[in-house]
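Here is the structure we will look at, set down as structure tokens.
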Amino acid sequence: MASTPFPSDFIWGASTSAYQIEGAVREDGRSDSIWDTFCRVPGRIADGSSGRFACDHYHRYPEDIAIMRELGLNAYRFSIAWPRVLPKGWGTVNKAGLDFYDRLVDELLAAGIQPLPTLFHFDLPSRLENKGGFLSRDIPKAMAEYADIVSRRLGDRIERWMTVNEPWIFTYLGYALGIFPPGHQNWAEVPLVGHHMLLSHAWAMQAIRTNIPDAKITIGLPLSPVYPGSDHERDLEASIRQDGLVNRMWLDPLYGRGYPAEVVELFGDDWPEIDQADLDAIASPVDWLGVNYYFPTYVVDDPVAPVSMTREAPPSNLPVTGTGWPMQPSALTETLTRLHTEYGVASIVVTENGAAFDDPPVVNGTIDDQQRARFLHDHLEAVLDAIEQGVRVDGYCVWSLLDNFEWASGYNARFGLVGVDYETQERTIKQSGRWYAKVIEENGLVPPG
Ligand code: IFM
């Protein structure tokens with residue numbers, strides 16, 4: 001029996017995104033996204049793969065919904081592929097593309113599963129990238145049009161919406177480090193791109209609200225406490241700088257405080273002129289906050305590193321996941337309590353949390369991934385700790401429902417509750433999936449294994 005129950009009506013979900021699972025990239029009028037084009041460049045993806053076939057979810061979604069039912073999920077977070085709906089990025093709607101999401105939503109509802117769509121999860125139509133991508137103010141305009149079209153079609157059946165997923169990750173990996181498309185390595189672009197991502201969120205939210213006044217809308221932020229790698233004063237200052245980039249550059253404007261002065265200062269002359277009207281739009285209240293949490297950030301001072309002059313330095317004694325990410329569940333509790341105390345966030349859903357491990361092969365119809373079950377157990381315990389401290393957490397979604405295309409790592413990193421054999425497309429519920437089903441059934445923590 002579960003010891004501590006979660007709140008009643010708790011959202012128990014699992015998350016995915018379009019490019020990572022759908023496949024069918026050339027079907028029914030879909031155009032290229034920036035990931036299709038990026039994957040064609042030799043050396044960009046660790047295993048030379050792409051999302052061309054991925055989990056073939058575009059064709060196998062009924063089977064995947066049946067698995068969600070078997071797990072007892074009451075919510076499913078997925079993303080809509082912008083290039084399926086608007087192949088040019090704006091203008092003519094591709095009916096077949098929109099029809100796919102219509103069918104998906106209907107089947108989810110028929111299975112008693114709440115659809116939680118995200119409008120933008122990294123897969124910008126390539127034609128919009130050719131017009132300047134997120135460096136251009138045309139993107140927030142196009143995003144508002146896209147949000148209008150999707151919410152008109154699906155708004156009668158969907159209550160909770162997410163606009164943009166992880167603006168910091170998209171901006172940092174795509175424009176500062178160049179390991180995501182568009183592959184730029186130019187820190188000077190980070191402020192404008194980040195601002196356009198927040199503005200895209202704001203204008204998309206306005207469009208959805210116009211069409212569905214009762215909608216509950218949010219953005220999904222990748223948040224993490226930033227700790228100093230030592231107790232030297234200079235490392236403490238480094239952690240404050242990095243916290244500005246990872247957390248406050250996004251939370252402050254969304255919660256009406258404008259961009260943090262220290263972050264503006266870090267970029268110096270590269271910080272763009274920003275209109276008050278943009279800041280007002282970005283500060284328009286969200287109804288809940290989507291939090292993606294994976295690992296804590298530890299940094300030390302590094303005078304030659306760009307902008308924040310920090311470098312990551314996780315303590316060597318922290319255990320790590322299969323992708324080398326430090327595991328520290330208490331950092332999730334800290335993230336959630338900080339949102340409550342510093343920003344007064346009234347409702348949070350953990351929209352992503354999970355880990356990749358080197359899973360063993362299928363034996364007797366399952367995959368023995370006790371490490372993942374333990375990871376999820378300990379992070380759910382951290383959520384309970386936050387709830388006990390008065391934070392309102394309304395739900396939790398595991399990343400991910402299925403093993404899938406993990407961006408620049410290709411198919412090497414497996415995050416799923418459900419294993420996927422990419423040759424046969426056979427799905428296998430892992431031990432972690434079976435354990436998660438028990439947690440959902442009990443609406444409370446049960447021991448893993
Ligand atoms: O796979 C990604 C997802 O697309 C966004 N959040 C982090 C996940 C794991 O890296």
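Please treat every number below as a calculation from the coordinates, not as lab data. Quick caveat: nothing in here was measured; it's all calculated off a predicted structure. Cβ: placed from backbone, ideal geometry, glycine included. Neighbour counts: every protein chain shown.
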Return the residues of region 372-394 that are over 14 Å from Leu445 (Cα atoms) and surrounded by 20 or more Cβ atoms within 10 Å (Cβ to Cβ); say none if nothing qualifies. Arg372, Ala386, Val391, Val393
Quick one: Phe375 ticks every box in (1) within 16 Å of the ligand (Cβ to nearest atom); (2) free of Cβ contacts under 8 Å to residues at least 24 places away in the same chain bar one, so which box is it? (2)
Name, by its number, the condition in (1) surrounded by fewer than 21 Cβ atoms within 10 Å (Cβ to Cβ); (2) touching a Ser or Thr at 6+ places or on another chain (Cβ under 8 Å) that does not hold for Arg103. (2)
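Taking the conditions exactly as written (of a type in the set (A, V, I, L, M, F, W, C), in contact (Cβ under 8 Å) with a residue 60 or more places away in the chain and within 16 Å of the ligand (Cβ to nearest atom)), does Trp168 satisfy them or not?
Working: of a type in the set (A, V, I, L, M, F, W, C): yes; in contact (Cβ under 8 Å) with a residue 60 or more places away in the chain: yes; within 16 Å of the ligand (Cβ to nearest atom): yes.
Answer is yes for this residue.
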Glu129 fails exactly one of (1) under 21 Å from Ile212 (Cα atoms); (2) out of contact with any His (no Cβ under 8 Å at 6 or more places or on another chain), namely (1)
Taking Ile212 and the conditions (1) surrounded by fewer than 18 Cβ atoms within 10 Å (Cβ to Cβ); (2) in contact with a Ser or Thr (Cβ under 9 Å, 6 or more places away or on another chain); (3) among the β-branched types (Val, Ile, Thr), which numbered condition does it fall short on, given that it satisfies the others? (1)
Among (1) touching a helix residue (DSSP H, G or I) at 6+ places or on another chain (Cβ under 7 Å); (2) farther than 19 Å from Arg414 by Cβ; (3) not in a loop (DSSP other than H, G, I, E, B), where does Leu109 come up short? (1)
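Can you report the number of residues in region 335-361 which are away from the ligand (no atom under 14 Å from the Cβ), under 13 Å from Val383 (Cβ atoms) and crowded, with 19+ Cβ neighbours inside 10 Å? Can you show your working first?
At the first step, the residues of region 335-361 found to be away from the ligand (no atom under 14 Å from the Cβ) are 335-349, 358-361.
Subsequent filtering for residues that are under 13 Å from Val383 (Cβ atoms) retains 335-337, 339-340, 348-349.
Going one step further and asking which of them are crowded, with 19+ Cβ neighbours inside 10 Å, we end up with 335-336, 339, 348-349.
Number of matching residues: 5.
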Might you let me know whether region 301-319 holds any residue that is under 29 Å from Phe10 (Cβ atoms), touching a residue at least 24 places away in the same chain (Cβ under 8 Å) and either more than 20 Å from the chain's Cα centre (by Cα) or surrounded by fewer than 18 Cβ atoms within 10 Å (Cβ to Cβ) (or both)? no
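Within region 42-80, restricting attention to residues that are in contact with a Pro (Cβ under 9 Å, 6 or more places away or on another chain) and of a type outside the set (Phe, Trp, Tyr), which residue is nearest to Ser400 (Cα to Cα)?
Start the filter on region 42-80 by keeping residues that are in contact with a Pro (Cβ under 9 Å, 6 or more places away or on another chain), which leaves 44, 48, 75-80.
Going one step further and asking which of them are of a type outside the set (Phe, Trp, Tyr), we end up with 44, 48, 75, 77, 79-80.
Numbers: Arg44: 23, Gly48: 22, Ala75: 13, Arg77: 9, Ser79: 13, Ile80: 16 Å.
Selected residue: Arg77.
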Selection count where residues are within 14 Å of the ligand (Cβ to nearest atom) and within 16 Å of Pro361 (Cβ to Cβ), scope region 403-419: 5
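One residue is enough: does region 217-224 have a residue meeting the conditions part of a loop (DSSP other than H, G, I, E, B), on the phi > 0 side of the Ramachandran plot and within 16 Å of the ligand (Cβ to nearest atom)?
no
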Matching residues in region 75-100 - criterion: being within 19 Å of the chain's Cα centre (by Cα) and within 14 Å of Ala147 (Cα to Cα): Ser79, Ile80, Ala81, Trp82, Pro83
Within region 6-48, tally of residues that are among the basic types (Lys, Arg) and surrounded by 13 or more Cβ atoms within 10 Å (Cβ to Cβ): 2
Tyr146 passes all but one of the listed conditions (1) within 16 Å of the ligand (Cβ to nearest atom); (2) closer than 24 Å to Thr37 by Cα; the exception is number (1)
Going through region 112-122 in order, the residues found to be surrounded by fewer than 21 Cβ atoms within 10 Å (Cβ to Cβ) and part of a strand (DSSP E or B) are Gln114
